[in-house]
1. Can you classify segment 361-509 as rounded, prolate or oblate using the Cα gyration tensor, where a ≥ b ≥ c are the square roots of its eigenvalues, rounded means a/c under 1.5, and otherwise it's prolate if a/b beats b/c and oblate if not?
2. If one takes the longest principal axis of the Cα atoms in the chain, at what angle in degrees, from 0 to 90 and to the nearest 10, does the Cα axis of helix 302-313 lie?
3. Once you list every other residue whose beta carbon is under 9 Å from the beta carbon of Phe210, what net charge do they have if Lys and Arg are +1 and Asp and Glu are -1?
4. Placing +1 on the Cβ of each Lys and Arg and -1 on the Cβ of each Asp and Glu in segment 435-502, which of Phe463, Pro477, Thr439 has its Cα farthest towards the positive end of the resulting dipole?
5. On the principal axes of its Cα set, how long, how wide and how thick is segment 138-273? Give whole Å, largest value first.
6. Treating only the Cα positions of the chain as identical point scatterers, give the base-10 log of I(q)/I(0) from the Debye formula at each q in 0.08, 0.11, 0.12 Å⁻¹.
7. Nearest 500 deg cm²/dmol is fine: what mean residue ellipticity at 222 nm does the chain get from its DSSP H runs of n ≥ 4 alone, each adding -39,500 (n - 2.57), divided by its residue count?
8. Taking a cut-off of 26 Å between Cα atoms, list the lysines near Lys90, but don't count ones fewer than 8 places away on the same chain.
Amino acid sequence: MNPRYRFSLINRRQALKGLFGAGLSVGTGACFSPNQSRSNQPSNPVVLENQKEGTRDWMLKTTGIDPSTRYRCPWIEGYCSQTRYRAGDKLQVKVSTRPASGFLLDIYRLGYYAGKGGRHMGQWGPFNGRSQDDPAADAKRRLDCQWETSFEYHIPADWVSGVYLVKLTSLKEGYQSYAIFILRDDREADFMFQCSDHTWQAYNRWPDQFSLYDNGQTEWYWGGGIEVSFNRPYGKYCQILDAPLSTGSGEFLLWEFPTAFWMESLGYDVTYISNQDTHSDAPGLHRCKSFLSVGHDEYWTLQMFRNVQQAIKQGTHAAFLSGNAVCGKIHLQQDRQGNPDRVMERIGVFGPPGGTREFNSMSKLIHEPPYASELMGAQSTGPVTGGADWICRQPDHWIFDGTQMSMGDAIPGLVGWEWHGDPADIHGLEILASGKTQTAPGILNGGEYTATIYQAPKGNWVFNAATIWWGDGLSEPPGYVRPSVYTTPKGPDTRLQRITLNLFDRMKS
């Protein structure tokens, strides 16, 4: 071990008690059980995939974080050449080991798999690893790694769309970290699960403070003029949770995996895409009945907005099981090698001036239509952060069928840590849940969230959950840690699961 590094070491027992090893509780309600297909196609690829042998070995056993950087595992780290691939594409993984070390590479698909959460796709190596150079920051603080490819593999045709973790293991030090990629397809399906990888990268501080939120003067800068590149590893997550055992996986394990785990446990016909597919493949959005925005889906391009807006106009259902979604407007550009959509910069806000009043530096960004509420039914608004119970306001609405919820009944702690409010003036829009937000129990902060639903002209539905933490009420997969800030959600709730079942049944019918 290099003596100039002090490190944080988490062993297997701690992992199983902490981030990787939270108890399984899908809790799908009285009428439903795991693996009972909720698809119109009982033998859809997700059902067949989850019948294969699962494992928990996808979880990291030992990880180290260099405290001088706070976010980096220098002993072994890596990234993929693209955010997403198709079967047949060449997967390229670029790995650095510091000090030089042999390493192993394992790939896992995440899903349900009888509650184990992942399936082992293969192991490769050992490879001879070496220390790859850190890039110099340019005038906009962009770090664009030029690492050599350490592993190439043509993705087999039988790999099913999903989120894949590349687990990297240093043979010299024993440390592990992830790289992550999305495997998309082009088939028709009931649901299109959009991963929020633009937001993962915006908050990625690797190797220390180089996120979209650092201008070299403050750790939480909200203005423009800063760029981040996908050509670098994901460091340890920097907000809300101390989650070293998710290092390298962006934010997927934190906010999105519970929803994916629950959907696959019920056999929903779901296919996965990247934010960048929403940006670049408008026709592809029409191959599924329903579009899902999940978790912390903050950063969108204008083209993404227009593409989803057009899909809704043409009859695609949309569910924003997310908070702070469609808030930051970004511009994508090519990297220095000419690869498209590998660099992004924040250029504006999908909301009116004053709508994000907590963050003064955002006033320097362009605030102009279209606004997020035009798409979702509500939008990020001041004070943006906070927590609350999710309180029923329309108990007679079909979305509450079978929940036994009455006016004022609440799902405790579900709203956080960012949310949507300021409902739009859309014909037929209904507020399903609303309440005042707080900075701590009993201390209100002046915000009010609104969960909404409206029916688009083609009869399709657009739902806005108004919280990042919707997935917490659906399942507790291996690797999940419950957030606790402003408020604390309480985990799987049969009422919220039934609400989601009611919504999905409408959307796939």
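1. Taking the square roots of the gyration eigenvalues as a ≥ b ≥ c, segment 361-509 is oblate.
2. The answer is roughly 40 degrees.
3. With Lys, Arg at +1 and Asp, Glu at -1, the neighbours total +2.
4. Phe463
5. 48, 38, 28
6. Evaluating at q = 0.08, 0.11, 0.12 Å⁻¹ gives log10 I(q)/I(0) of -0.45, -0.89, -1.08.
7. Helix-only estimate at 222 nm: -3500 deg cm²/dmol.
8. Hits, sequence-local ones excluded: Lys52, Lys167.
The values are calculated or read from the model by the stated rules, or taken from the named source; none is laboratory data. Computed from a predicted structure; not experimentally measured. Neighbour counts run over all protein chains shown; Cβ positions are idealised from the backbone, glycine included. Side chains are part of the model used for accessible areas, which takes the heavy atoms of the whole protein and leaves out ligands, DNA and RNA. Shrake-Rupley method; radii C 1.70, N 1.55, O 1.52, S 1.80 Å.
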